[in-house]
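Remarks on the structure that follows.
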Amino acid sequence: MFVDRVMYARNQQYKYSKEPVTGGQPITVEQAKALRLTVFGACDTPPRGEWLRTGFVFRDPEKELSYGLRARRNGTRGMHTAIQGYILKNLLFTNTNNSCTMRPSKQQQLEALCKSITEILWKIGENEKVIVCLPQEKSYVPHSLNYFQDNVTEKLHLFELTNIQDLEIFLKRYLHLFQDDPGPGSLLLLYSSVLTRGLSRIVSDLMDEKVYLISSAEEGSICIVTLMLTGRATPNLHNGIAIPHYGILARSEVGLLVHYEETSTPVQVTQIPGSRLKTPSYPIWITCAKGHYGILFNTNRELLRNHLAERSFIFDNLA
């Protein structure tokens, strides 16, 4: 895959503005079809509409829940909850002011979102290379019996970035494309994640060529969540490779807790989160209770070192 490589001066800074997308390498017919097949399972039918119209939108700044994204109860919710985990990490523990920011300003919201997307893509790219895809006006794939146009995929331009500072500057320039609502921000991040990981590696992560990334799950596949949290779209949540399936290979910054519905079929060992997800680096956990996503967090990082330091917050982004 050939894409334009983007380079910036390291001390160059950009304000958050709505700049038109310029440059990049136009997507090919083969790339567009492969991307739709890997993500949606088909390219000759319309993709799930919520991915084309859901952006990353914060609640009003400087208010009680201004740290929270608005997440609809649709297939994008799992991914939005994972992004929310990183946003909380950046607001509470890694912001430059070294202070806990529970009522962030508009600028702080944008900085946290930009940094969170940067960190997620850089992790998926294994700290080496990221491919960001952004839409322009021209369509490069015609509508046909074999390809159903969605007004996004066929208009993508691909950008390759090999430095995390350059990546953050680039995303800051075009952050509005991820925030537009209605808009394809969710799909742009998912596509960028898939291309950064590599189509063949995503298929390998899923462990079945007949399985695709967006499943029939009401609030999104667990594989999308693990892709955002760990850099691999694995359905397996156990530690390492102790059994004949790859699980979570390193301690996650943001954790994952899962509660399954009671059925006659026992839960497989690979579906139970191991310690690398249950005890993350930061006291933030994505929760999945009977297929519904939420988030659990604590403002005191010492919680993971001392069980007595417990003061929890539960954010329901449907409220």
Residue among 71, 9 that is at pLDDT below 95, touching a His at 6+ places or on another chain (Cβ under 7 Å) and among the aliphatic types (A, V, I, L, M): 71
Restricted to segment 117-174 and to residues being in contact with a helix residue (DSSP H, G or I) (Cβ under 8 Å, 6 or more places away or on another chain) and hydroxyl-bearing (Ser, Thr, Tyr), the residue nearest to residue 81 (Cα to Cα) is 118
Residue 131 buried (at least 16 other Cβ atoms within 10 Å of the Cβ), aliphatic (A, V, I, L, M) and closer than 18 Å to residue 79 by Cα: no
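Within segment 101-124, can one find any residue that is part of a loop (DSSP other than H, G, I, E, B), within 26 Å of residue 251 (Cβ to Cβ), in contact (Cβ under 8 Å) with a residue 40 or more places away in the chain and not charged (D, E, K, R)?
Step one: filter segment 101-124 for residues part of a loop (DSSP other than H, G, I, E, B), giving 101-105.
Subsequent filtering for residues that are within 26 Å of residue 251 (Cβ to Cβ) retains 101-102.
This time we only want the ones that are in contact (Cβ under 8 Å) with a residue 40 or more places away in the chain, so: 102.
Those left that are additionally not charged (D, E, K, R): 102.
Checked against the condition, which is being part of a loop (DSSP other than H, G, I, E, B), within 26 Å of residue 251 (Cβ to Cβ), in contact (Cβ under 8 Å) with a residue 40 or more places away in the chain and not charged (D, E, K, R), segment 101-124 yields at least one hit.
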For segment 15-31, state whether one or more residues are within 18 Å of the chain's Cα centre (by Cα), small (Gly, Ala, Ser) and modelled with pLDDT under 95. no
Test: residue 54 is at pLDDT 95 or above and within 27 Å of residue 160 (Cα to Cα): yes
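I'm trying to understand the selection: among the residues of segment 35-74, which are of a type outside the set (D, E, K, R) and either without any contact (Cβ under 8 Å) to a residue 12 or more places away in the chain or surrounded by fewer than 17 Cβ atoms within 10 Å (Cβ to Cβ) (or both)? Can you show your working first?
Step one: of segment 35-74, the residues of a type outside the set (D, E, K, R) are 35, 37-43, 45-47, 49, 51-52, 54-58, 61, 65-69, 71, 74.
Those that are of a type outside the set (D, E, K, R) and either without any contact (Cβ under 8 Å) to a residue 12 or more places away in the chain or surrounded by fewer than 17 Cβ atoms within 10 Å (Cβ to Cβ) (or both): 37, 41, 42, 45, 46, 49, 61, 65.
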Residue among 226, 234, 162 that alone is in contact (Cβ under 8 Å) with a residue 40 or more places away in the chain and on the phi < 0 side of the Ramachandran plot: 162
Across (1) modelled with pLDDT under 90; (2) in contact with a helix residue (DSSP H, G or I) (Cβ under 9 Å, 6 or more places away or on another chain); (3) of a type in the set (Gly, Ala, Ser), residue 221 clears everything bar (1)
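Among the residues of segment 181-195, are any surrounded by 21 or more Cβ atoms within 10 Å (Cβ to Cβ), modelled with pLDDT of 95 or more and more than 18 Å from residue 56 (Cβ to Cβ)? Spell out the reasoning first.
First, pick out the residues of segment 181-195 that are surrounded by 21 or more Cβ atoms within 10 Å (Cβ to Cβ): 184-195.
Now restrict to residues that are modelled with pLDDT of 95 or more: 184-195.
If we keep only those that are more than 18 Å from residue 56 (Cβ to Cβ) as well, we get 195.
Taking every residue of segment 181-195 in turn, at least one turns out to be surrounded by 21 or more Cβ atoms within 10 Å (Cβ to Cβ), modelled with pLDDT of 95 or more and more than 18 Å from residue 56 (Cβ to Cβ).
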Residues that are in a helix (DSSP H, G or I) and of a type in the set (Lys, Arg), drawn from segment 19-54: 33, 36, 53
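The values are calculated or read from the model by the stated rules, or taken from the named source; none is laboratory data. The structure displayed is predicted, hence computed values, not measured ones. Here the Cβ is made from the backbone with ideal geometry for all residues, glycine too, and neighbour counts use every protein chain on show.
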